[in-house]
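Take a look at the structure below.
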């Protein structure tokens, strides 16, 4: 129970903290922005409530101080400035760190109390002219329920009044008709009537016993609503619902969402994949049926087409379900950038653009580690110390920009800095020193290609291993992580002007079920959905036919091709021939292979470069042991 | 008479006052599957609405009064009600 509560809290905290941080970042630039103050206040206030449930009292004290300061700013009793916004930001960064600590160790670090006291003092210092605070207005739950029922976004355009009228049970005897009273309320937007206690069976119901609650929302002024219910004023409650600012209305108009465990979605993906395989096997049944009953085959074909459409639609929906915005995956970066930059004595503005770009959850999850490494690298080796920047004629404050964009089926992630850039001559020297490349080969490399050497295994440009980026993992680890996710990484750099790291990743990371086959000395993978059946026959069953070979398989003659020959190798002779039967249009074609390998669920990466021009190659896939296999498209291979 | 039976359908017409609630309940108790036609209904007392909400008969027809149409009819229409809503 506690664990569930904690898990819920972690999710919530990691939504609220970035919300507050984003608002505070903007307040640093524009300290009087009322909507940002509100937004930060709301996030801090909500978070404070949740924090109280866990053993993290220092976080509660820090949040209370931050909330207090923001509330005063809201009420106009104190003016925020860049310094107080920075203090608030420091509060949020600290709480963010503590949330991580709670997750990792179940408790706050020992110095939490002392740090909290310091932060509370800092926040308190800015509110010397303290006045007694106003009680915070809390929207009653009955109002929230009514607002939930409001179907349109009318609240965005006008102030409203929510009312709740609970007539007493004997009101009919006094001549009251609650509905008639409510009908007199002008500009009704929502009206609901619910039983006060559940309806009894109608054979025992007392028609003169009033058992209803009338609730609603009117766009009329409060006085007009109260006037309509004047005679029953003691049985009614009212609540003003102020017009919503744009910002809040976006939140309330947002599509309703609920959380689903990732595992359940993955199950769904698996089941849809299995269904696709079943759907594919229907194709061969249709062909078989056509031999004996044309009419039945026709009906089956229609049915098969519908099934295929349904499966395709399901696959698309499932892919869509797994899409998440990239923002939350990198939400910790801004804090880490501030911490790392501070540690290095560098002054850096970090911006993130395109946080709402949607990608597959699995891709989003793989982003953080490589990006953190790239960010560290940029802060450590890219952006110069302030005095050095000024000497080079640049602003003292460096800029680091992370940008997500979508391009077709790909996610482009670019991390650019305006630092020193990468000196390709130095890269070459180091690469030669470390035996990554010969000096002859290096002479042939242009600057752009030389720069890519930073991704070579064993390469590290750090002359001295620093605390920040020298951890024994180089850029090759980043490249490996990106490639494992089906992507690639490129670097562009200009000495003196900065560098740009570009990650290209697939938007979707749905795995494909593959069968590994052996032909000669090579292993290949074939997508399961391209395989109609597999079989093992004796060499004697194979007969020459025309210029080629064929065999009889389940009462039909099937042409036979050798996979080794299709990929440009010579075939190996064997008594037992293993077959993968695939489909070429509607005809079955058997591919002879030497052995069946394992079945794997793996991501198929589209091929690029030279391989893309080879017909019959659907992509490549990375095996668990690090081998890269070509994924074949049998149909195009045969054609 | 603003509540009557016609062809086994319970018809609510004109101004349906509190007295009608008891009669409506009586008709529904006799046969819970009877349709209730609201197409001639101008006003409805809370007690009448209450009976309709508790008994959940199939509703047919849209009341004349716009307030009833907009705010009360949606509360009464069950999944059994014909979607067209015209009088039978």
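The values are calculated or read from the model by the stated rules, or taken from the named source; none is laboratory data. Since we're looking at a predicted model, the values are computed, not measured. Don't worry about glycine lacking a Cβ; one is built from the backbone with ideal geometry, like all the others, and counts go over all protein chains shown.
Structure data summary
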read-out	value
Options B:36, B:48, B:3: the member that is at pLDDT 90 or above, at negative phi and more than 11 Å from every other protein chain (Cβ to nearest Cβ)	B:36
Strands (runs of 3 or more DSSP E) within segment A:304-405 that include 2 or more residues touching a helix residue (DSSP H, G or I) at 6+ places or on another chain (Cβ under 7 Å)	A:348-353
Failed condition for residue A:127, given (1) at pLDDT below 80; (2) touching a helix residue (DSSP H, G or I) at 6+ places or on another chain (Cβ under 6 Å); (3) not in a loop (DSSP other than H, G, I, E, B)	(3)
Matching entry among A:420, A:392 (being farther than 30 Å from residue A:360 by Cβ, surrounded by fewer than 14 Cβ atoms within 10 Å (Cβ to Cβ) and at pLDDT 85 or above)	A:392
Only listed residue being surrounded by 12 or more Cβ atoms within 10 Å (Cβ to Cβ), under 30 Å from residue A:354 (Cα atoms) and either in the same structural domain as residue A:360 (by TED's automatic domain parsing) or without any contact (Cβ under 8 Å) to a residue 24 or more places away in the chain (or both), chosen from A:300, A:296, A:312	A:312
Residue count for segment B:6-22, restricted to those that are facing chain A (nearest Cβ under 10 Å) and buried (at least 20 other Cβ atoms within 10 Å of the Cβ)	2
Residue within segment A:513-529 that is in a helix (DSSP H, G or I), over 30 Å from residue A:451 (Cα atoms) and touching a helix residue (DSSP H, G or I) at 6+ places or on another chain (Cβ under 7 Å) present	yes
When residues of segment A:594-611 are limited to those that are surrounded by 13 or more Cβ atoms within 10 Å (Cβ to Cβ) and closer than 14 Å to residue A:514 by Cβ, the one modelled with the highest pLDDT	A:596
Members of segment A:185-213 found to be within 15 Å of residue A:162 (Cα to Cα), in a loop (DSSP other than H, G, I, E, B) and at pLDDT 90 or above, listed by number	A:185
Members of segment A:340-359 found to be surrounded by 15 or more Cβ atoms within 10 Å (Cβ to Cβ) and over 18 Å from residue A:505 (Cα atoms), listed by number	A:340, A:341, A:344, A:346, A:347, A:348, A:350
Residue within segment A:504-514 that is at pLDDT 90 or above and either more than 23 Å from residue A:586 (Cα to Cα) or outside the structural domain of residue A:378 (by TED's automatic domain parsing) (or both) present	no
Every residue from segment A:612-639 that is more than 22 Å from residue A:481 (Cα to Cα), in a strand (DSSP E or B) and either modelled with pLDDT of 85 or more or out of contact with any strand residue (DSSP E or B) (no Cβ under 6 Å at 6 or more places or on another chain) (or both)	A:632
Matching option when the condition is in contact with a strand residue (DSSP E or B) (Cβ under 9 Å, 6 or more places away or on another chain), closer than 24 Å to residue A:88 by Cβ, outside the structural domain of residue A:29 (by TED's automatic domain parsing) and touching a residue at least 40 places away in the same chain (Cβ under 8 Å), among A:370, A:386, A:334	A:334
Qualifying residues in segment B:57-88 (those that are within 22 Å of residue A:208 (Cβ to Cβ) and buried (at least 18 other Cβ atoms within 10 Å of the Cβ)) - the one modelled with the lowest pLDDT	B:76
Residue that is modelled with the highest pLDDT [pool: residues in segment A:241-283 that are over 21 Å from residue A:321 (Cα atoms) and outside any helix (DSSP H, G or I)]	A:241
Qualifying residue in segment A:214-223 (condition: farther than 21 Å from residue A:243 by Cα, more than 10 Å from chain B (Cβ to nearest Cβ) and in a strand (DSSP E or B))	no
Among residues of segment B:51-76, those that are within 15 Å of residue B:14 (Cα to Cα), touching a helix residue (DSSP H, G or I) at 6+ places or on another chain (Cβ under 9 Å) and within 13 Å of chain A (Cβ to nearest Cβ), counted	4
Qualifying residue in segment A:41-50 (condition: part of a helix (DSSP H, G or I), free of Cβ contacts under 8 Å to residues at least 24 places away in the same chain and more than 25 Å from the chain's Cα centre (by Cα))	yes
Out of A:572, A:557, A:582, sole residue that is assigned to a loop (DSSP other than H, G, I, E, B) and either touching a residue at least 12 places away in the same chain (Cβ under 8 Å) or crowded, with 19+ Cβ neighbours inside 10 Å (or both)	A:572
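Residue-by-condition table, conditions (1) loosely packed, with under 14 Cβ neighbours inside 10 Å; (2) farther than 13 Å from residue A:232 by Cα; (3) more than 10 Å from every other protein chain (Cβ to nearest Cβ); (4) without any contact (Cβ under 8 Å) to a residue 40 or more places away in the chain:
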{"site": "A:165", "(1), (2), (3), (4)": "no, no, yes, no"}
{"site": "A:172", "(1), (2), (3), (4)": "no, no, no, yes"}
{"site": "A:175", "(1), (2), (3), (4)": "yes, no, no, yes"}
{"site": "A:179", "(1), (2), (3), (4)": "no, no, no, yes"}
{"site": "A:186", "(1), (2), (3), (4)": "yes, yes, yes, no"}
{"site": "A:191", "(1), (2), (3), (4)": "no, yes, no, yes"}
{"site": "A:197", "(1), (2), (3), (4)": "yes, yes, yes, yes"}
{"site": "A:200", "(1), (2), (3), (4)": "yes, yes, no, yes"}
{"site": "A:211", "(1), (2), (3), (4)": "no, yes, no, no"}
